[in-house]
Structure formats: C-alpha cells, structure tokens
1. Checking A190 against (1) away from the ligand (no atom under 12 Å from the Cβ); (2) open to solvent by 20 Å² or more (accessible area, probe 1.4 Å); (3) under 30 Å from V4 (Cα atoms): exactly one of these is not met. Which one?
2. For the stretch 1-57, give me the residue count where each residue is in a helix (DSSP H, G or I), of a type in the set (A, V, I, L, M) and either surrounded by 15 or more Cβ atoms within 10 Å (Cβ to Cβ) or within 17 Å of the chain's Cα centre (by Cα) (or both).
3. On the given criteria, is A60 in contact (Cβ under 8 Å) with a residue 60 or more places away in the chain and either under 24 Å from I43 (Cα atoms) or touching a Gly at 6+ places or on another chain (Cβ under 7 Å) (or both)?
4. Could you list all residues from the stretch 78-107 that are of a type outside the set (A, V, I, L, M), open to solvent by less than 30 Å² (accessible area, probe 1.4 Å) and not in a helix (DSSP H, G or I)?
5. Of the numbered conditions (1) touching a residue at least 40 places away in the same chain (Cβ under 8 Å); (2) touching a helix residue (DSSP H, G or I) at 6+ places or on another chain (Cβ under 7 Å); (3) open to solvent by 70 Å² or more (accessible area, probe 1.4 Å); (4) of a type outside the set (F, W, Y), R119 fails exactly one; give the number of that condition.
6. Need pairs with beta-carbon distance below 6 Å; first residue under 10 Å from A35 (Cα atoms) and among the aromatic types (F, W, Y) and within the stretch 66-85, second within 12 Å of the ligand (Cβ to nearest atom) and not in a loop (DSSP other than H, G, I, E, B); sequence gap 6+ or separate chains.
7. Of G199, G212, which residue is at pLDDT 95 or above and either within 14 Å of the chain's Cα centre (by Cα) or within 12 Å of the ligand (Cβ to nearest atom) (or both)?
8. Mind listing whichever residues of the stretch 135-167 are loosely packed, with under 15 Cβ neighbours inside 10 Å, touching a residue at least 40 places away in the same chain (Cβ under 8 Å) and either within 14 Å of G220 (Cβ to Cβ) or near the ligand (Cβ under 10 Å from one of its atoms) (or both)?
Amino acid sequence: MQVVIVETAAEVGRLAAAKIGHRVRTRPDAVLGLATGSSPLAIYAELARQVAEKGLDCGAVRAFALDEYVGLPAGHPESYRAVLDRVVVGPLGMHPSNVHVPDGSAADLAKACADYEARIAGTGPVDLQILGIGANGHIGFNEPTSSFASRTRIKTLAPKTRADNARFFDTPDQVPLHCLTQGLGTILDATTLVLVAQGEAKADAVARMVEGPVSSMCPGSALQLHPDANVIVDEAAASRLTLGDYYRYTFANRPPWQRFEDFV
Ligand code: F6R
C-alpha cells in the first residue's frame with residue numbers, strides 16, 4: 001500500500017487527479033471506477049480543469065459507479081446517476097452511454113446487481129477505482145461486517161452513514177435505507193485503487209484501514225490485500241496514523257517512475 005500525506009484537501013485532489021489523468025493519457029479508453037460523495041469532488045474538478053486546459057480527452061473513457069441508492073425517483077438530483085452526470089460526465093466530456101450506474105429503481109434488484117456484475121466482467125477489469133471512506137470504515141456502501149468476497153448486492157445503509165449523508169437531502173428521513181453497491185470482492189478486482197480522505201472526521205477510519213487488522217469490521221482494511229492500493233490523505237485525515245513520518249519519508253524519496261504528478 002502506498003500512503004501519501006499532503007498538506008491540504010486541495011492537494012489530495014490534485015495529486016489523485018494527476019495519477020488518474022496519467023492513466024487516461026496512457027489508455028484513452030481506460031475503465032474508471034467512480035465514487036460519489038464529497039471526497040472525490042476535488043478530483044473531478046481537477047480532471048475537468050485538465051480537460052479544459054491541458055488537452056485531457058475523456059471521450060472514450062468508460063466508467064462504473066460504485067453504488068446507487070434504492071428507491072429514489074428517476075432523475076432525483078441526489079441519485080448517484082444524477083450526481084455523476086452533473087459532476088463527472090458533463091464536465092469531463094465523457095460519453096453518457098459509457099458510464100454505468102447500478103439500477104436502484106429496478107423492479108428486480110437482485111437481477112440488476114447480477115447484470116451490473118456481468119457488465120463489469122464483460123468490460124473490465126476496472127483499471128483504476130476511485131474510493132472514499134466512510135467514518136465507520138465503509139468503502140462503496142460495504143458497511144462493517146461486509147464479506148471481503150462480496151459482489152454487487154443490496155445493502156442496508158448503517159444509521160451512521162444515513163446521518164452522514166443527510167446533508168445532501170432536505171430532511172434526514174429522506175436518505176434511502178437501502179442501496180446497491182459493488183462488493184468488496186468487486187472492488188478488489190480493479191487493477192489500481194486510489195482512495196482519498198480529507199479531514200479529522202476520517203482520521204480514525206484511515207488509521208484502521210491502513211494500520212489496523214484486516215477485518216470486516218473495517219471494510220476499508222480490504223485495501224491491505226490489494227497489490228496496488230494508493231491512499232492519499234491530508235494532514236488532518238492522517239493525524240492518527242502511527243507511521244506518518246515513514247509515509248512522508250517514502251513519498252519524499254519515491255523513484256522517478258512513481259512521480260505521476262510530473263506527467264500532467
Ligand atoms: C459513495 C461511496 C462512499 C463514500 C463515503 C464517504 O459512492 O463510495 O463510500 O466514499 O461514504 O463519503 P464522503 O466522501 O461524502 O465523506
């Protein structure tokens with residue numbers, strides 16, 4: 001696992017976007033895994049800037065969302081389909097038909113999950129999966145005690161997750177109870193993982209993910225099993241890491257071929 005600690009939340013987004021932009025320049029039809037929520041917003045804004053100012057072309061990029069709420073009416077502005085259209089597909093100039101989101105309004109949700117897995121398998125592997133982490137350690141919407149072998153399926157959102165996401169809705173009770181989410185097994189199939197976290201509220205989850213035991217009690221700790229997991233955090237989110245100085249030292253002394261930020 002590569003752990004990168006930078007000063008500010010803005011720098012987290014810039015560095016992660018540099019790595020993602022480099023992947024797209026290397027492979028214009030790369031398959032990206034897209035997270036929603038607040039954590040990746042700076043990444044998407046920086047990628048949009050690269051598109052506008054640096055000639056980055058995302059027109060052939062294919063993408064799969066991590067998750068979707070169940071039961072929101074079609075076109076609801078907080079459905080992850082709508083959010084991704086707004087903050088990723090349009091600003092990055094992606095082709096809408098190349099961007100896939102689990103169908104949280106399907107009549108047969110189990111079939112929608114199986115279809116989603118089949119589509120990923122037929123297109124993938126996902127080259128680079130963007131991730132955030134919940135304060136309770138979830139990735140995607142794989143809440144604590146999710147199986148490390150899990151695939152896309154229906155999950156019940158933890159009360160903590162619903163409370164955290166209430167800020168996107170008019171009232172807390174409007175946050176859906178259920179979601180469809182890629183499983184931990186699905187996420188681990190991606191070639192490269194890039195997880196970003198910012199702020200003190202994520203410090204405990206980040207420490208458990210990076211330095212705690214591999215345990216379904218912290219689903220993010222599944223990243224310890226992945227051969228190319230990259231965790232990019234700001235100082236506040238890094239504040240409970242035991243080996244912070246070591247991560248700063250290894251990043252400062254990284255070999256030239258890992259200086260992906262120089263390629264933008
Ligand atoms: C959403 C997702 C979640 C979020 C997590 C953190 O697609 O995958 O795991 O990354 O809930 O949310 P924010 O970034 O809003 O703190």
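1. The number of the failed condition is (2).
2. Step one: list which residues in the stretch 1-57 are in a helix (DSSP H, G or I), which gives 9-26, 41-54.
From the residues that got through so far, the ones that are of a type in the set (A, V, I, L, M) too are 9-10, 12, 15-18, 20, 24, 41-43, 45, 47-48, 51-52.
From what's left, either surrounded by 15 or more Cβ atoms within 10 Å (Cβ to Cβ) or within 17 Å of the chain's Cα centre (by Cα) (or both): 9-10, 12, 15-18, 20, 24, 41-43, 45, 47-48, 51.
Total meeting the criteria: 16.
3. Details: in contact (Cβ under 8 Å) with a residue 60 or more places away in the chain: no; either under 24 Å from I43 (Cα atoms) or touching a Gly at 6+ places or on another chain (Cβ under 7 Å) (or both): yes.
The answer is no for A60.
4. First, the residues of the stretch 78-107 that are of a type outside the set (A, V, I, L, M): 78-81, 85-86, 90-91, 93, 95-98, 100, 102-105.
Subsequent filtering for residues that are open to solvent by less than 30 Å² (accessible area, probe 1.4 Å) retains 79-80, 102, 104.
Passing the criteria: S79, P102, G104.
5. For R119, the exception is condition (2).
6. From the stretch 66-85, the pairs are Y80/A65; Y80/E68.
7. On the way: G212 fails: either within 14 Å of the chain's Cα centre (by Cα) or within 12 Å of the ligand (Cβ to nearest atom) (or both).
Of the residues listed, the single one that is at pLDDT 95 or above and either within 14 Å of the chain's Cα centre (by Cα) or within 12 Å of the ligand (Cβ to nearest atom) (or both) is G199.
8. The answer is T145, and nothing else.
The values are calculated or read from the model by the stated rules, or taken from the named source; none is laboratory data. It should be emphasised that the depicted structure is a prediction, and the values quoted were computed from it without experimental measurement. As a convention, Cβ positions derive from the backbone with ideal geometry for all residues, glycine included, and neighbour counts pool all protein chains shown. Each accessible area value is taken on the protein alone, full model and side chains, heavy atoms only, with ligands, DNA and RNA left out. Shrake-Rupley method; radii C 1.70, N 1.55, O 1.52, S 1.80 Å.
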